[in-house]
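Student: Here it is, the structure in full.
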Amino acid sequence: AAKRSGRGWALYSTEQDRLGRADLSFRSELREAIRNDELVLHYQPKIDLHTRRVVGLEALVRWDHPVKGFLSPDRFILLAEQAGLIGALTEWVLERALRDLVRLHHDGHLLHAAVNLSARSLHDLGLPASIETLLARAGMAPDHLMLEITESAVMANPSDSLAILTELDRMGVRLAIDDFGTGYSSLAYLKRLPVDEVKIDKSFVLDLATNESDAVIVRSTIDLAHNLGLSVTAEGVETQDIWDTLTILGCDCAQGYHMARPMGLNALRQWLRTSPW
Ligand code: C2E
Ligand code: CA
Ligand code: CA
Ligand code: CA
């Protein structure tokens, strides 16, 4: 690149260098964090609206950073993808979630665990075999694992995604379409994909009890999913009114702060012993 003198450029260049270096060190920090177990899983219970029982858990990753404190996944998942670390991160999450699930099963809580997959994972044709190995190592039946994938991740690479999801389905792993309604939905694809569940994004749920157009969207999503033989989970259930509305609309499961926030394994075990669900 051509060198040019001038204060503006120099400042810009210094700033660029600084950002570049910060990015680089953040990247190697993340690599170390995965290796050194600085990542933590929190689990959010998923509750059946018909039986009012806990049926599953969603694993949500956090980074317990030594300096910056607890970082939410929105602050490092994209970076992990860009840095080529998402495969290692996903494997860490799967392994830990299965290990924790085995422990919960020993406690008598026969729940399933849902793990989020990033778009990049749907390019990895080796993913089903890796998951098969992880399940075998944990001694966990495949139908206790659910994988959440977004519509846009599938659309970004339809043919590889279909191959990967078909293989996972054949293995008996359960599949859910996450953030439903936020991407450019292709109903034709929903019909073709071997998914078991649709998760309605919280942006349609948070104001469900008062916003008429959200209610229309949620109602038609539930009807569509049921007509295709899929079950429906709503995320972002923050109030009793939303719970009641979802019950009336025939939704199957709910997740949200009204019932429980995501929590660490010990807090979860305590919660499972004492909660009314
Ligand atoms: P998501 O999969 O849509 O997860 C739901 C998010 O909504 C979580 O945020 C959860 O804590 C939050 N939430 C749950 N109940 C409520 C509620 O009642 N009200 C509100 N306002 N929010 C609620 P979180 O944990 O910060 O995760 C953000 C996103 O990061 C997730 O969105 C998911 O896309 C991604 N993510 C989390 N863990 C992983 C992971 O292990 N791998 C990958 N690839 N992505 C992950
Ligand atoms: Ca999810
Ligand atoms: Ca299936
Ligand atoms: Ca969501």
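Student: Give the share of C-alpha pairs in each 5 angstrom bin for the chain, from 0 to the last occupied bin, in whole percents, shortest bins first.
Tutor: 1, 5, 11, 15, 16, 16, 13, 9, 5, 3, 2, 2, 1, 0, 0
Student: Between the range 248-277 and the range 149-228, what's the alpha-carbon centroid distance in Å?
Tutor: One Cα centre to the other: 22 Å.
Student: Local charge sum around residue 110 (other residues, Cβ-Cβ under 12 Å, Lys/Arg +1, Asp/Glu -1)?
Tutor: Taking every other residue near residue 110 into account, the sum is -1.
Student: Between residue 213 and residue 141, 0.36 nm times their residue separation minus their Cα-Cα distance comes to what?
Tutor: Stretched fully, the residue 213-residue 141 segment lengthens by 21.9 nm.
Student: In µm²/s, what is D for the range 62-115 at 37 °C and 0.692 mPa s, where D = kT/(6 pi eta Rh) by Stokes-Einstein and Rh is the Kirkwood radius from Cα pairs?
Tutor: In µm²/s, the coefficient is 258.
Student: Here's a follow-up. Quick check: residue separation of residue 132 and residue 261 times 0.36 nm, minus the Cα distance between them. What number comes out in nm?
Tutor: 43.4 nm
Student: How big is the charge dipole of the range 204-259 about its Cα centre, in debye rounded to the nearest 20, if each Lys and Arg gets +1 on its Cβ and each Asp and Glu gets -1 on its Cβ?
Tutor: 180
Student: Taking the Cα atoms only, what angle lies between the long axis of helix 86-106 and the longest principal axis of the chain, rounded to 10 degrees?
Tutor: Roughly 40 degrees, rounded to the nearest 10.
Student: Placing +1 on the Cβ of each Lys and Arg and -1 on the Cβ of each Asp and Glu in the range 115-254, which of 208, 183, 251 has its Cα farthest towards the positive end of the resulting dipole?
Tutor: Highest projection toward the positive end goes to 183.
Student: Run the quick spin-label model on residue 95 and residue 74: label points 7 Å from Cα toward the beta carbon, then report their separation in nm to one decimal.
Tutor: 3.0
Student: Still on this model: For the chain, what does -39500 (n - 2.57) per DSSP helix run (n ≥ 4), summed and divided by total residues, give at 222 nm, in deg cm²/dmol to the nearest 500?
Tutor: -15000 deg cm²/dmol
Student: Can you tell me the dipole magnitude for the range 87-216 around its Cα centre, using point charges on the Cβ only (Lys, Arg +1; Asp, Glu -1), in Debye to the nearest 20?
Tutor: Here the range 87-216 has a charge dipole of around 340 debye.
Student: Roughly how many debye, to the nearest 20, is the charge dipole of the chain about its Cα centre, given +1 on each Lys and Arg Cβ, -1 on each Asp and Glu Cβ, and no other charges?
Tutor: 840
Student: Another question, if that's okay. Tell me which of 39, 116, 168 sits at the most positive position along the dipole axis of the chain, charges placed on C-beta atoms (Lys, Arg +1; Asp, Glu -1).
Tutor: Ranked along the dipole, the leading option is 39.
Values quoted throughout were computed directly from the atomic coordinates according to the rules given, and no laboratory measurement underlies them. Because the structure is a prediction, the values reported are computed rather than measured. Here the Cβ is made from the backbone with ideal geometry for all residues, glycine too, and neighbour counts use every protein chain on show.
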